[in-house]
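Values quoted throughout were computed directly from the atomic coordinates according to the rules given, and no laboratory measurement underlies them. Nothing here was measured: the structure is a model prediction, and the numbers come from that model. Cβ atoms come from the backbone with ideal geometry, glycine included; neighbour counts cover every protein chain shown.
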Amino acid sequence: MPLCPSSVPVKFGDGWLDKMALDKVLRTPKEMTIKEIDAVVADWVRGAVVAKEAGFAKYFRSRVGMADAIQSGACQLIGLGRTAVLDPDISKSILLNPSVPDDVAFAPSHIVKGQWFAKLIPVKVIGSCLAIQFFYHNMRRLGNGLKSDRDVSIPSIVFHGIVETFQTGLLQAMERVLQSLPLAGKAKGE
């Protein structure tokens, strides 16, 4: 007889491990056999054990930790997008470079400066996570041919965003006014 995981009473806390478990349960099919439930639970437990041992910290971000996580089946892909934004050559220069010893081959995390600023914003808007704006800011810098700025803070990014928005709006308004003037048509040869 199939069971429904959502009908099984489970108590979850507020920790990241509990949230990961809840997400796993919510993404499972609604009706499962006991064997299928056991398989889902076993996968989750294996991933949780690797996550706990790795601590999702320095060990997991090491070359050895990433290889262990993939080889054990705890994950199939390791995303280094944020690290790569700050150091685009990290794969070639450190992680895949055999001349770099394993004990120093890791992808460091970065603490974004000025996260206190998020508490000052009363409205929470979807997609407005200010910490991620740090990485978006640096992606735009890379796209413009500049280097990443590890020292920029969230208040600085917000301030520059407001100024840029104002400048862009002002320039567009001035352009529209100039185009509406009778002299603008004569200058174009009309």
Discussion item. Positive end of the dipole of region 110-181, charges at C-beta (+1 Lys, Arg; -1 Asp, Glu), about the Cα centre: which of Gly114, Ile157, Met139 has its Cα farthest in that direction?
Written reply: Gly114
Item to complete: Compute the distribution of all C-alpha to C-alpha distances in region 110-181, in bins of 10 Å from 0, and list the percent of pairs in each, rounded to whole numbers.
Response: 18, 39, 26, 14, 3, 0
Fill in: Under-5 Å amide H pairs with Lys113, H placed in peptide plane, nonlocal only
Ile154
Practice prompt. Would you mind checking which residues have amide H under 5 Å from Ser62's amide H? H placed 1.01 Å from N; only 5 or more apart, or other chain.
Written response: Ala107
